[in-house]
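The values are calculated or read from the model by the stated rules, or taken from the named source; none is laboratory data. Computed from a prediction, not measured in an experiment: that's the story for all the values here. Cβ coordinates were reconstructed from backbone atoms using ideal geometry, including for glycine residues, and neighbour counts include every protein chain displayed.
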Amino acid sequence: MPTIDDVHERKRMELELNEKTITLSAVTDALNTFLETGDWAKASQGLLRHALKQTQSPEGFLAAVLEDPQLHVLAHEGVTWDPQQNRQLFETKMHQKAGLGYFEIAHHGNLFGEIIRNGRTVVANSPATDTRCGGIPAGHPRIDSLLGVPIRKGGTIVGVIAVANRSGGYTGDESRSLEAISQATGVLYDSYRQNLKRAQLEDQRARLEADFRQAQKMEVLGQLSGGIAHDFNNMLMVLSGATELLEKTLPERSPSTRYVDQIRRTVEKAAAITKQLLAFSRKQVLEVIPIDLHEVLTECEFMLPRLLGAQVQLTFQHHASHSWIRADSAQLEQVIANLAINARDAMPLGGSLSISTRNTFSLPPESSGEGQNDSFEWLLLEVKDTGVGMDQETRAHIFEPFFTTKPEGKGTGLGLPTVYGIVCQFGGHIYVDSQPNEGTRFQIYFPTESPAEQIETLRHISSQEAGDKPLTVLLADDEPSLRAAIAEYLRGLGHRVLEAQTAHDALELARSYSAPIDVLLTDVVMPGLRGTDLASQIHGFRNDLQVIFMSGYAQGLPEIQIPRAAVFLQKPFRLASLGEQLKLVPRKG
């Protein structure tokens, strides 16, 4: 009897040794294949075919385990999808495999995840009723029995090798070959994971470098276009002023009047171009004043249909009873246009876009209490579309610069960040609600402002105190030709003009001039001291001074908000507009 036992034990050991030798040979061949070709999938396919032969299984796969809940299936054999029942899934997986060398299968909450979660060999001869797992992934071909083994590198599971549908199922004895493969290939699949991480980091670095280069390019272009617009605006202002002065010298019904009109129209066209340059470079000087949002939306009713096209049905609903806010109307139009264009792009086959307003005393719950005050009223602007919508991951990044879901060359990724910046600049809040295939809704909250009646009352009081009495005007502008044209025009109206080439000269004149000064007329951008700072310092000792700013550019400062009590004239402006503005200045004495 002992002799018989010894023979059985010896044969068992010889069989195991033979299996290990064959498996080692298969692993060696796979490693050599990878070293020669660098093809992970090809090396994995050789290992899988060996496993199928050793376990007498018709189907199986070999996959790498990553940090996300997806397996990268590098090799599969005998596993097919029914093109009639699962055509879309089948074609998607095969297309992914052909392009990337792998296809993805989710392992979270299913039978494949059981192998990874427990970190040990799993035998399941009735997967559909196995209480240890949630079955197989949705849409996957039927599995009647499965044997799965984790591939380890140290204490980390880096891969899974699984075989399926062996006739009669699995007893567990078939796992020896798979476990031998697992022990010998951990380094290979750990290398795959590390290689994938390096590729992702390199891709991320490349994208960041591209974003940085794009930001530098945009900054340079912005500075260049802004500088050109600044100089061009000053020249246009001189040309416009000289034209008005020339017109005053012409006799009534002079044939030369038509040439003057042509010059004026050309100046207006050129001014529109500089305005576009300033918008691109974000060097606008903002006129933040009380405005009626409903009036802005009414203007947009004529503009947006041309942007959206006939396939988008646009509706406006003005439900807010208090629609006045403090903002810049041009910037608000940009907000609405950007949101509308985004909605259009999310509805390639057409759809509906609604823009509505209403009042509310609270912000959404996600505001975490910020700005919540039951006695404070908000004006809510809502822009809602029926487009493709966004998932949670996309929503989390939409306000980040350079983030875009549009094809390359179709979007800069700056539209929504610009919207966010403008809304915040005016003291507002913006929220987005969206789900895939359920459209998107942007909600923008602005603090409400005094009703129109109060503003008209203030204007009426000011106009009662104004008149035609000559004023003393302190004029500060570093452009000699422009300063001379403005001074000549104002003196022609009977006003006294104190000229200053720099802000510091203006400050000295304001200190040394013994008589009252009614108006400070200053450019915003000047060497040494900005017009806004100049006005602030002069107000320290002449607090009854009316300030009129003039500019079209804010060098080194993207946006300058004009103080509430001041007036702003956008260059190039007509000198007659300045004359009309001076008529509204309250007279002293």
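Take the residues of the stretch 276-306 that are under 30 Å from Val525 (Cβ atoms) and among the β-branched types (Val, Ile, Thr): which is modelled with the lowest pLDDT?
Among them, the one singled out is Val285.
Does Val123 fit the bill of being of a type outside the set (Asp, Glu), assigned to a strand (DSSP E or B), under 42 Å from the mean Cα position of the chain (by Cα) and at pLDDT 80 or above? Can you show your working first?
Numbers: of a type outside the set (Asp, Glu): yes; assigned to a strand (DSSP E or B): yes; under 42 Å from the mean Cα position of the chain (by Cα): no; at pLDDT 80 or above: yes.
So Val123 fails the test.
Between a residue in the stretch 102-129 that is touching a residue at least 12 places away in the same chain (Cβ under 8 Å) and any residue that is part of a helix (DSSP H, G or I) and of a type in the set (A, V, I, L, M, F, W, C), which pairs come within a Cβ distance under 7 Å, given they are 6 or more apart or on different chains?
Matching pairs, first to second residue: Tyr102/Ala41; Ile105/Phe112; His107/Ile116; Val122/Ile115; Ala124/Leu111; Pro127/Leu111.
What is the residue count in the stretch 542-561 for residues that are surrounded by fewer than 15 Cβ atoms within 10 Å (Cβ to Cβ) and either modelled with pLDDT of 90 or more or not assigned by TED's automatic domain parsing to the domain that holds Thr502 (or both)?
Result for the stretch 542-561: 0.
Would you point out the residue of the stretch 301-333, among those that are assigned to a loop (DSSP other than H, G, I, E, B) and among the hydroxyl-bearing types (Ser, Thr, Tyr), that is farthest from Thr418 (Cα to Cα)? Spell out how you get there, then give the answer.
Restricting attention to the stretch 301-333, the residues satisfying the condition of being assigned to a loop (DSSP other than H, G, I, E, B) are 309-311, 319-323, 328.
If we keep only those that are among the hydroxyl-bearing types (Ser, Thr, Tyr) too, we end up with 321, 323.
Details: Ser321: 28, Ser323: 23 Å.
The qualifying residue farthest from Thr418 (Cα to Cα) is Ser321.
Any residue at all in the stretch 92-108 that's closer than 18 Å to Pro141 by Cβ and more than 38 Å from the chain's Cα centre (by Cα)?
Here is the first cut: in the stretch 92-108, the residues closer than 18 Å to Pro141 by Cβ are 92-97, 102-107.
Within this subset, residues satisfying the condition of being more than 38 Å from the chain's Cα centre (by Cα) are none.
For the stretch 92-108, residues closer than 18 Å to Pro141 by Cβ and more than 38 Å from the chain's Cα centre (by Cα): absent.
Looking at Val388, Val423, can you tell me which residue is modelled with pLDDT of 80 or more and in a helix (DSSP H, G or I)?
Details: Val388 fails: in a helix (DSSP H, G or I).
Just one listed residue meets the conditions, Val423.
Can you name the number of the only condition in (1) farther than 19 Å from Glu299 by Cα; (2) modelled with pLDDT of 85 or more that Leu339 fails?
Failing condition for Leu339: (1).
Take Leu534 and decide whether it is at pLDDT 85 or above, in a strand (DSSP E or B), surrounded by 23 or more Cβ atoms within 10 Å (Cβ to Cβ) and not hydroxyl-bearing (Ser, Thr, Tyr).
Numbers: at pLDDT 85 or above: yes; in a strand (DSSP E or B): no; surrounded by 23 or more Cβ atoms within 10 Å (Cβ to Cβ): yes; not hydroxyl-bearing (Ser, Thr, Tyr): yes.
When the stated conditions are applied, Leu534 does not pass them.
Within the stretch 412-447, how many residues turn out to be within 13 Å of Val335 (Cβ to Cβ) and of a type in the set (Gly, Ala, Ser)?
Going through the stretch 412-447 one residue at a time, the tally reaches 3.
How about the stretch 565-583: which of its residues are touching an Asp or Glu at 6+ places or on another chain (Cβ under 8 Å) and among the hydrophobic types (A, V, I, L, M, F, W, C)?
Scanning the stretch 565-583 gives Phe568, Leu575, Ala576.
Can you confirm whether Ile273 is modelled with pLDDT of 85 or more, not basic (Lys, Arg) and not in a strand (DSSP E or B)? Steps first, answer last, please.
Values: modelled with pLDDT of 85 or more: no; not basic (Lys, Arg): yes; not in a strand (DSSP E or B): yes.
So Ile273 does not fit the description; no.
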